Structure formats: C-alpha cells, structure tokens
Amino acid sequence: MIARDHATPTISEGHTRRSALLIAALALVGALIFTSLVLLSSNVPPLAAYNLIFLGTFSTPTRISDMVMLASPLLLCSCGLTLTFAAGLYNLGIEGQMALGAVAAMIPLRLLPNLPPPLLWVLAFACGAAGGAMWALLVAGLRIRLQVNEIFAGLGLNFLASGIALYLVLGPWRRIGRASSSGTEPLPTDVWLPTFGTLRVAPAAPVIALIILVLIWFAVTRTRWGLELRAVGLNPQAAGRMGIPATRRLAESLAACGALAGIAGAIQVLAVFHQLIPSISSGIGLLALLVVLLIQANPAWVLPIAAAFAIFTTGSLQMSVALGADSSIAGVLQGALVLFALLARGLSGRR
Amino acid sequence: MEQILITLAAVLATAAPLIFATMGETISERAGVVNLSLDGSMLLAAMAGFAVARVSGSLALGFAAAALVGCLVALILGVLSLSLGQSQTAVGFVLALLCTDLSSFLGTPYVRKPGPAVPHAPMPGLSDIPILGPLLFSHDMLIYASFLLLPTVWWFLYHTRAGLVLRALGERPQTAYARGVPVIRLRYLYLLIGGALVGIAGAAYSLDLKQGWSYRHTFGTGWIALAIVIFGGWHPWRVAIGCYLFAALQSLASRSQSVLPSIPTQVFQVAPFVLMIVVLALINLLASPGTAHRLATLPKPLRRPAERFVGWLATPAPAALGQPFQRP
C-alpha cells in the first residue's frame, strides 16, 4: 500500500500570519488568472462570468436559500473531513458515506410514516448518522485489519453505495406504477423539514451544521482527543509509543466523519430533494475534500471557505442560461484555488 | 464456440485503454511516484484528443495531443510534489477533480458530435488462423499496440539496466543516489512517460472504444485503473491479468442481466468495482503473518507450492512509493 507521506495535511502552526496571507493572495491571483484563460479560450467574457460566479447567488432570495441548502451539507462533510485529515487519512469514501446516510435516513421515513414529524426527523437524522458511520467503519476495518489503502477502500465503497441507492430507486423503493431512475416517490410534504415561507431554505439544516462546526472546532483544538488525533496524523508510530491507541483514533475519526456525512445525506433527503435519488450526494463530499485541502484542515477556516465554495457553485448554475457556457467552471475555479495554494505553500517552504 | 471467441476478443479489446493507463501508472509508481490524477487526466486527454482529431482530421495528431495532455498533468504533479515537496496524494487528487471539470467545461462544443475513429484493421493472413486469428489479429492498430506494450514494459522493467535503475528509484532512492543516479530527474522522466500513456488511454476511449465525447466520458475507469495496479502488485503481467479480468467481469455483468432480469442494469455495472476491492482485501489477508503461520502447518509436499503461490499473489508496494526524496 502507499506509504504515508510526510506532507499529510495537518493544521498548520509553523506559518506566520503574514506568510499565510501571502499564500492566500498568491492562490487567489493564480487561480483567477488560470480560470480567466480557460474562460477566454471558450470565448466567454471573464468579467461577466465572474459577476455570475461571485455575485449571481445574491440576485434573488431563492438563490440565496439554495446556496444555504448547499452550504449546510458541505459544512458537515468538511467538518468530518477535518477529523480524518487531522488523523492523516484521505477519506475519499465520503461520497458513499453520504449516500448511505441518505439511504438509512429513508428507512424510518418509509417504515413509520404515521409518527409525528418531529420524532421522525430525529429518527431520520439518527439513522443517517448511523448509516454513514457504519459505511466509514468498513473503510476503517479494511484499512486497519486488511491494509487496504483508505483511498481505494473508500472509492470502491462509493461505487457500492451508489449501486445500493440505484437498486433501491429502481427496485424495492420505486415509484408506484413506473420505475424511473430519477428517484423514489417524493416524501409527503408534512415530513419535509419546515422552510421559511415559500423559500427552499430549511433553517434546521444550517443550524445543525453550525452547532457541529463549533463542536468539531472545540474537539480538534481544545481537547486531549484532538491533540492525540493530530499526533497520530503526524506520526502514527511515535504516537503509539507515547501510549496513544493509534488504530483506535483512526477508526474513531473515520466513524465520526462518516456520521457527519450521514447527517448531510439525511439533510439531502429531508430538506433538499425530498426523495432518494441515485446521485444523492451530488459531489458535495468531493467538494468538501477540496475545502479541507485548501485550508489544511484548520477548523477555524471551514465556515468561510465552505460558504464561498457554495456561493461559487450556486452562482455558476446560471452560466448556461446567461452565457451559454457549462457550470463546471465553478469546479475549475475551486480546483485551481487549491492547486495554486499548494504551489504557493511549496514555494514558501523552499525559501 | 464462435460466440465464446467473439466475447473473448471483445474482452481483449475493451481492456486496451485500461492496459495503457495501468502500464503508465505502473511505470511511475515503480519509480516511486503515485499519479492519483489518473481519472481526471484521462478525461481531459480524451476530450483534447477527440477535439484535435475532429478539427484537424488526423488521428495521429489526436493521439499526440492526448499524450501531451497526460504529460502536462504529470508535469504539474511533478513540479508540485518532486520539486516543491507537496504531498503527491493531495496534488494528484486536486488534479483529478480539476481536470474532470476542465474537460466538462472545455468539451461542451464537442458533446455528441461525430468525429474520426481508429479504423478496424484485421492483420492480413494472420487473421485467418483458426481461433488465434479472430481472437488476436482482427482488431485495430490501437489494440495491437496494447498487446505489444505489455511485454515491452515487462522486458524494460526486468531485463534492462535502465529498468533496474527505475525499480531502484522506487525501492531505495538513497542508494541509487549514492551510486550517481539523478533520482529527481529520472522520476520526472518516468512520471512523464507514464502520463503520456495515461493520455493515450483517454484517447483510446474517445477515438476508438467509446467513440465521441460526452460529459464524464470514461465513467470512473481512472480510479479503477489505480486499484488494478495495486491488485497486480506493481508487476506488468499481473496488472494486465487484472485489466482483462475487470473487462471480462464487465462483459459478464452486462450478460447476467438477461439471466436475472429482476435486478436493474446499473447494479451489475457496479459489481466489478466492488469485486476488485474484495479481491484486494483477500490478497492482503493472504499476505498477513497469520496466513504464514497456517501455511507452516501444512504437510510438506503442499507447503512449498502454497507458500510460493501466496508469495506470488501478495507482493509489497515499492518501498519508497509516495515518499519525497531528500538528498542525503
């Protein structure tokens, strides 16, 4: 298996504030230049495109509420990945953990439709967290017991999770009368998480995400558990010699990450799609990996960066209507930001 | 009989892009560099290769463009990880996502457009040989190239001086350096060669096996190629067996649909991916010390071949894989 590399992302402490600012500036300028070149090569005017990407979200209340509903699961996944990255793990299986969380959250919603909605929501969130954690523990088991690298274990389980979701959508949970790969029968409206008026924003989702963000920040930076986690991430052998149960901490970080991804999956079901769809995770887990790589798993930066990425993604959705270009340009900008941040870090480390 | 031959020939053909991608990755991983960007660079190369071939009308230019894109992505990975000390995993992952989105954005004008394709070219004379003819000699040039690439990589790695040095880069870079081998420069070289092969693998889809371009055209094969390299223990022949097994599983999966019609198609498409992970876990289980103990209790005539079989299955990764090289 691939050996741990020394540059595993961990919370940066060596950098001074000034060089951190310099790195951020370099990353932003580099990414903007690169994205502009890509836009120009497709004959899309960059200024109009940036106007949409950065400000398009704020044009209508509907778009702002869509952004919040994207930012909430993104925040949850980023929080979870903060833990696994601190422990030195690349949890690429987060997409599958989210999908399985969504599947698990559907179970009480389908089996016990007559319960009062608040009780159902609690049950759905609990099942979602359990499903995601179980899926992540499979990765942990493969990694710890069978030495299968967590990247490939996670990727394989992602394919399996999407297979399970597809099977349920087309098989046992298919729409009455016609099976369609677009999704299961929509949930009855009274079990949808309540929203503000006609907007799609369900306040419970961002509130849950923010509470968990604070908890994770506290756990990573202010507790002995968080310190041990980071020690395991820096050097598992040394941590083991100091009496830290290293494999236990690895499994715990994965389980916690899976649980948070599962809650994100439950939000997708209860408040975004209101049904199970095959691509229920919508790439949010991969986006969260970019967020966490960009901020080197520093929990203090999760909120601003996750919010910014949600703004870019929501804003760029109008690209095809307004400018006739594909909305994947937001992904280009986000990827370029992380790439140039890595470049800037490499350059500053060399001096 | 004829049906079986046709199926087997199709399996050999559909595995061709996987062969290119996994041989490229085997070369760079054997030199100690993990190129995790495979999935993204294959997509970007597939798109670029198709676009260039369509605009210029030349297949050769298309493949050259695809190889160049693969090289370029590998070069970025090299600069960031080999020269600037960033994590190979992190850089590779970011490149995988970035290239995927780049291919979607830049490839919009080419979605579902007709374009040139590698022509079918049965070998005159050879294709008439019974059994072997239809199996091996009635494909196209790209697939013949994949048949040739495999022994070439094996011969290079195990029977040339340069191949020995390549393996030293991945196993004992410090020792190689002490012997005067320019470690970083050679790692760059093999990373770029590997990248070019990955690029050709991408174009093998858009110009041959899955002609044309569409959003996420190669559907995750880059990730599976990475897993096959591990499954194959970084040895060309075993990696190739992995590729053909995977292609056979995929064809089997699309067939079993007609046998079990109650299960939706898409479920079968996932099966090979899952099976790969299970096999990977089993191989690692075989390599564990517990298995060695159990083997030691076998009667003598059984023990030797059993131990050799397990040893052959469970090969360790190159010792310096993924680790940065520091000059001593």
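Some notes on this structure:
- Unmet requirement for B:T218, which otherwise passes all of (1) assigned to a helix (DSSP H, G or I); (2) touching a residue at least 60 places away in the same chain (Cβ under 8 Å): (1)
- Condition check for A:L293: at the interface with another protein chain (Cβ under 9 Å from one of its Cβ atoms), under 24 Å from A:P206 (Cα atoms) and crowded, with 24+ Cβ neighbours inside 10 Å: yes
- Candidates in segment B:57-107 are the residues that are in a loop (DSSP other than H, G, I, E, B) and more than 7 Å from every other protein chain (Cβ to nearest Cβ); of these, the one that is surrounded by the fewest Cβ atoms within 10 Å (Cβ to Cβ) is B:G57.
- Test result for A:I212, out of contact with any strand residue (DSSP E or B) (no Cβ under 6 Å at 6 or more places or on another chain) and surrounded by 13 or more Cβ atoms within 10 Å (Cβ to Cβ): yes
- Scanning segment B:291-328 for residues that are at pLDDT 75 or above, surrounded by fewer than 15 Cβ atoms within 10 Å (Cβ to Cβ) and within 14 Å of another protein chain (Cβ to nearest Cβ) returns B:A319, B:Q326.
- Segment A:6-41 - residue that is at pLDDT below 65, within 23 Å of the chain's Cα centre (by Cα) and of a type outside the set (S, T, N, Q) and, of those, surrounded by the most Cβ atoms within 10 Å (Cβ to Cβ): A:P9
- Candidates in segment B:108-145 are the residues that are of a type in the set (A, V, I, L, M) and not in a loop (DSSP other than H, G, I, E, B); of these, the one that is farthest from the chain's Cα centre (by Cα) is B:L126.
- Some residue of segment B:237-253 being at pLDDT below 75, surrounded by 13 or more Cβ atoms within 10 Å (Cβ to Cβ) and in a helix (DSSP H, G or I): yes
- The number of residues in segment A:260-285 that are buried (at least 22 other Cβ atoms within 10 Å of the Cβ) and within 12 Å of chain B (Cβ to nearest Cβ) comes to 1.
Quick grid of which residues meet (1) on the phi > 0 side of the Ramachandran plot; (2) within 14 Å of chain A (Cβ to nearest Cβ); (3) in a helix (DSSP H, G or I):
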site	(1), (2), (3)
B:L189	no, no, yes
B:V198	no, no, yes
B:A203	no, no, yes
B:G212	yes, no, no
B:G222	no, yes, yes
B:L226	no, yes, yes
B:I230	no, yes, yes
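- Considering (1) hydroxyl-bearing (S, T, Y); (2) surrounded by 24 or more Cβ atoms within 10 Å (Cβ to Cβ); (3) within 10 Å of chain B (Cβ to nearest Cβ), the lone condition that A:S348 does not fulfil carries the number (2).
- Cross-chain or 6+ apart pairs with Cβ under 9 Å, segment A:234-263 first and under 15 Å from A:A86 (Cα atoms) and modelled with pLDDT under 90, then of a type in the set (F, W, Y) and part of a helix (DSSP H, G or I): A:R249/A:W225
- The residues listed here are A:V148, A:V44, A:V139; of these, the one that is buried (at least 24 other Cβ atoms within 10 Å of the Cβ) and not in a helix (DSSP H, G or I) is A:V148.
- Scanning segment A:57-93 for residues that are in a helix (DSSP H, G or I) and either within 17 Å of the chain's Cα centre (by Cα) or crowded, with 23+ Cβ neighbours inside 10 Å (or both) yields a total of 22.
- Filter result for the condition that a residue is on the phi < 0 side of the Ramachandran plot and in the same structural domain as A:I176 (by TED's automatic domain parsing), over A:Q237, A:Q334, A:Q296: A:Q237
- Listed by position, the helices (runs of 4 or more DSSP H) inside segment A:264-351 whose residues that are over 30 Å from A:A219 (Cα atoms) number at least 2 are A:302-316, A:319-323, A:329-350.
- Apart from one condition, A:A202 fits all of (1) buried (at least 21 other Cβ atoms within 10 Å of the Cβ); (2) within 22 Å of the chain's Cα centre (by Cα); (3) assigned to a helix (DSSP H, G or I); the exception is (3).
The values are calculated or read from the model by the stated rules, or taken from the named source; none is laboratory data. Here the structure is a predicted model, which is why all the values come from computation and not from measurement. For neighbour counting, all protein chains shown are included, and Cβ atoms are generated from backbone atoms with ideal geometry for every residue, glycine included.
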